[in-house]
Each structure stands twice: as C-alpha cells, then as structure tokens.
Amino acid sequence: MNILFATSELTPFAKTGGLGDVLAALPARLRENGHSVSVVLPGYREALKALPEAQDTALRITVPLGGDRATAKIFEARTREGMKLLLVCKDEFFDRSGLYGNADSDYTDNARRFLFFSKVAVELASHLRPRPEVLHLNDWQTAFAAAVVRQKGLGLKTVLTIHNLTYQGLFAPWDFDLTNLPSDWFDAEGLEFYGKLNLLKAGIVYADQVTTVSPNYAKEIQGEESGCGLEGLLRSRAADLTGILNGIDEEVWNPGKDSRIEQTYGPGDWEAKEACRGRLLKSFGLKPSKQAGPVFACISRLVPQKGLDLVAKALPDIVSAGGTFVLLGSGQRTLEQKFLELAREHSGSVAVRIGFDEKLAHQIEAGADFFLMPSRFEPCGLNQMYSQRYGTIPIVHRTGGLADSVEDWQPRKKRGGGLVFSPCTKAALAKAVGRAFQLRADPEAWDRIRRQAMARDFSWTAAARAYEDVYRRACGMEPASLSQGEP
C-alpha cells in the first residue's frame, strides 16, 4: 500500500511532544512491513537546520488562501530509516524560532500557516510516484486536508489520528475565508463549532477513518467528560473510530544497549540498575544511593493535565518517609516556581531541572525506582512504557492509555507491572505512593514486579498491523485478519 503521512512534528527534526515520536516510529515500521511510505512536514527553521542535506526538488505548489495565493517550495530529504521526507518550505510561515508560537503565546496566524500546509499536502500527493492511496493526517494541524479531499472529490482516502482531543485548532469565524470552501460548509454539520472555525472537527467529519492513540481513550472521548464538546460527533462516527495503543521505539528505549546510561542492563541485573541509580542521584546532587530511600521521578510538561500539582502536594510526605524525587520538565511558570521552591526547601532530597535533555531523560528512566504520572487525562502517554522497559515502576492514574498500558500490581497473584490509582486526587496518589514504599521494602515482590514490567511488549508490531487494517477499511477492503480467514 502507498501511504503519505502529513504531520506538524517529526522527531528528531521538529518536536514539542509525543506526536513527533509516534511519527518517527509508525511510518518506519510500516515501511519495514513492505509499504511505500513518505512523510510531509513543514519546512521549519529547526528542521532545515537539522537536515542540511535536504535538496530543492524544483517542485512549486501554489494554493489559494482566501483572496490570496501562496506558493510552497518542496524540499526532499531522507530520515534515518531511509523514508522519503518532503518539506513544505515557505519562509513567511515556517522560518521561525518555534513550531506553533513562542514562550508567551501561539502565533496569531496559525490558521493561515496550517491551512496552507494542509492544502499543499493534498496537492503534493498528486505529484508523488507511486501515488498515495492513503493520506494519514495527524491532529488539527493537518486535519483540514480531509475536507479538501472531500470537496475536490479526489480518490485519495484519508485517515485522521487524534493524538489529543484537547487541542482542536479553534480560530475566529472570519478565518473560514482562508479555507476557500463553499460558505455552507461553515455550519454545525461542517467546520463550525460554537461560532468558531474548528480544524480538528473538519478531519473528524470528513476523514474516511478516524483513529486515536489508545482503546480506552477512544471510549472516553465519546463521553461528555472527555469529549471536549465533540462527543456527539465522535459517537456518530463510532463505526469508523478505532483506538490503537501507540508503541515505542524499542531500539532507542532499550536498557540493554542504551549508550546514554551509566551501565546497560537486563531483567534481574539489578546491580547495573543500581549503578544507574547512583549516577542519577549524583548528577542531581542528591543523597548517595545507599542513603536514599526509593527514588521517585517525573519527566513532563508542567501543565494541569499532567497532575503535577498533585505531585507537588505529595512531595513533603515522600521526603518525610525517606524518599527522594527528581523532575525534568518545563511549562507553566507557576508550577516551575513551585517545584523550584520545593527543591530549595528539601535540598538533598528533591532536585528539579527546568527544560528538556534527551540524555538526562534516559538516565532518569534507568536510575529511578518509580515514575510518577498522575495525569488527569492521557490519550496514550509514552513515559509509562519507557519506564516499564527500564524496570522503573510507573505510578499512574487510571485513564486513557495509562489504563491500557499499565497493569496494577496484585500482591496475592504476584502479578502486574505498575501501580494504578483512581480517582485523580491527592489522597489516592498518596495511597499509591504508600504502596510503592511497601513494595520497595519487599525484595521478592520488588524483583518480580520489575521483571514483569520489563517483559511487556510495547513494540510497534501490533499497532502497525492495526493501522494496516484501518487503511484497508478506508479503501473499502476487508481487514487482513478476515481476508486471511483468521478467527
């Protein structure tokens, strides 16, 4: 099958979160499975800087934007996996320091920028050889392309993946003029959403198939609490909505061959993991490994969704019980300041690094005992999978992809790979932390849960097969499991 992915992020060339990681891994796995796969990405300043070998193809694509017309230069490069990467270059839109905005706010012309990108992606598909059968769209930045394909009556099939329903691409009603669609498309059945233009809604309405990044999240977003106002529309498309749990790159996140950590290790090689623990504590200036109690860690955007306010409230109790805590992340300044204040108050037991550091992220996953992830909602999440891969036990709220990927430890059955709590409250988190201290003090249970966590399969193999079935449904074909006569 011939597939073109359209995305606003692609690790390592342009990334703000997990979207880039997914788009680095899934297309590569599909290519390994024998499909013809290409990726189209905005020609951001940082992407072009990371791809000095990118070549101008001489192809120019001009699209309407309201009463104006805008032209893209198409550059081509290759990813590390050998996939064709096409860059939509227009300095006016993409030669900027950030992908979507700066530290203070989003760019005011994001509607224009990503409507342009979506339109160019559709036109680009007609120039590729072999011509794509499926255009796979990702989040609001590319979702509008499904409406373009439908309006033009193209034979191209579209699949939209919702990575996070919270971010919908909401813009002023007058920005609808930039779509160049007939005026009657701006209504409750189309792109209008409480008087605003909603680009993600365009994809949900017009894509042939819709997916999201975990089975549980697919169910949650059809309800009022998590549907963000689109629950009715999503229920109407339930037959075409599939939840597929993301995988992780098991070559990059592999404690047995990770060059970024102090010592590589596998299940049962706890002395090497202890060395990673010691290195982590030393790098953060915390108590030596032999003196420290359980090491709790968090790598996260500091925003309310992630439940970090609950972690801040839990920290004094963690420290008083003998635990230590490390944080790597950035986000809301109030949360940043709160954690920096806690680090000052509990010097030697709490350490905070504002920002992001890929090498340090690996060292945290290898060196921590427990990974705190009390997200109020989480479409999929990746760190809880990275943690289990490294024998670091995740403590998660039972929601979205966290519920799909973490099995709660059952002491009687001696089974599980993490600690799961609900509801998302300080008291429930405190109870889970108490379980963590008890677990860490039981050598037999501690050995067993870490081995079971590390045995989990979070590869992209199963997810890639599920996406292949989605593509087949979009093209009016039977899923492979049915066509091959499997039960």
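The values are calculated or read from the model by the stated rules, or taken from the named source; none is laboratory data. This is a predicted model, so every value here is computed, not measured. Positions of Cβ are backbone-derived with ideal geometry, glycine not excepted, and every protein chain shown enters the neighbour counts.
Which of the numbered conditions does Arg376 fail, given that it passes all the others? Conditions: (1) more than 21 Å from Arg448 (Cα to Cα); (2) crowded, with 23+ Cβ neighbours inside 10 Å.
Condition not satisfied by Arg376: (2).
When you scan region 291-321, how many residues do you find that are over 21 Å from Ala428 (Cβ atoms) and modelled with pLDDT under 95?
4
Here are Glu336, Glu341, Glu251, Glu274: which of them is surrounded by fewer than 16 Cβ atoms within 10 Å (Cβ to Cβ) and outside any loop (DSSP other than H, G, I, E, B)?
Glu341
Kindly provide the set of residues from region 263-272 that are under 27 Å from the mean Cα position of the chain (by Cα) and closer than 15 Å to Gln363 by Cβ, ordered by number.
Thr264, Tyr265
Which of the residues spanning region 449-470 are under 18 Å from Lys413 (Cβ atoms) and surrounded by fewer than 17 Cβ atoms within 10 Å (Cβ to Cβ)?
Listed by number, the residues that qualify are Arg451, Ala455, Arg456.
Among the candidates Thr108, Thr179, Thr158, Thr166, single out the residue that is within 20 Å of the chain's Cα centre (by Cα), of a type outside the set (A, V, I, L, M) and either exposed (fewer than 14 other Cβ atoms within 10 Å of the Cβ) or not assigned by TED's automatic domain parsing to the domain that holds Lys306 (or both).
Working: Thr108 fails: within 20 Å of the chain's Cα centre (by Cα); Thr179 fails: within 20 Å of the chain's Cα centre (by Cα); Thr158 fails: within 20 Å of the chain's Cα centre (by Cα).
Being within 20 Å of the chain's Cα centre (by Cα), of a type outside the set (A, V, I, L, M) and either exposed (fewer than 14 other Cβ atoms within 10 Å of the Cβ) or not assigned by TED's automatic domain parsing to the domain that holds Lys306 (or both) holds for just one of Thr108, Thr179, Thr158, Thr166, which is Thr166.
Working only within region 187-223, note down all residues that are in contact (Cβ under 8 Å) with a residue 12 or more places away in the chain and among the acidic types (Asp, Glu).
The answer is Glu189, Glu192, Asp208, Glu220.
What residue, of Gly266, Gly256, is under 30 Å from Pro27 (Cβ atoms), in contact (Cβ under 8 Å) with a residue 12 or more places away in the chain and part of a loop (DSSP other than H, G, I, E, B)?
Sole residue among the options that is under 30 Å from Pro27 (Cβ atoms), in contact (Cβ under 8 Å) with a residue 12 or more places away in the chain and part of a loop (DSSP other than H, G, I, E, B): Gly266.
From the list Pro411, Pro479, pick out the single residue that is more than 25 Å from Trp253 (Cβ to Cβ), of a type outside the set (Ser, Thr, Tyr) and touching a residue at least 24 places away in the same chain (Cβ under 8 Å).
Matching residue, one of Pro411, Pro479: Pro411.
The rows are residues; the columns are (1) basic (Lys, Arg); (2) in contact with a Phe, Trp or Tyr (Cβ under 9 Å, 6 or more places away or on another chain); (3) over 26 Å from Ser320 (Cα atoms); (4) in the same structural domain as Val213 (by TED's automatic domain parsing).
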position	(1), (2), (3), (4)
Met385	no, yes, yes, no
Pro394	no, yes, no, no
Val406	no, no, yes, no
Ser422	no, no, no, no
Ala436	no, yes, no, no
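Pick out the one residue from Thr211, Thr242, Thr264 that is closer than 28 Å to Gly323 by Cβ, of a type in the set (S, T, N, Q) and not assigned by TED's automatic domain parsing to the domain that holds Pro443.
Thr264
Would you point out which residue out of Gly434, Gly391, Gly416 is at positive phi, surrounded by fewer than 24 Cβ atoms within 10 Å (Cβ to Cβ) and of a type outside the set (S, T, N, Q)?
Of the residues listed, the single one that is at positive phi, surrounded by fewer than 24 Cβ atoms within 10 Å (Cβ to Cβ) and of a type outside the set (S, T, N, Q) is Gly416.
Scan Leu429, Leu419, Leu439 and give me the residue that is outside any helix (DSSP H, G or I) and more than 17 Å from the chain's Cα centre (by Cα). Show your work before the answer.
Numbers: Leu429 fails: outside any helix (DSSP H, G or I); Leu439 fails: outside any helix (DSSP H, G or I).
Checking each option against the conditions leaves just Leu419.
Rundown of residues vs (1) β-branched (Val, Ile, Thr); (2) in a helix (DSSP H, G or I); (3) surrounded by 15 or more Cβ atoms within 10 Å (Cβ to Cβ), yes/no style:
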{"position": "Ala28", "(1), (2), (3)": "no, yes, yes"}
{"position": "Ile61", "(1), (2), (3)": "yes, no, yes"}
{"position": "Glu76", "(1), (2), (3)": "no, no, yes"}
{"position": "Glu81", "(1), (2), (3)": "no, no, no"}
{"position": "Arg96", "(1), (2), (3)": "no, no, yes"}
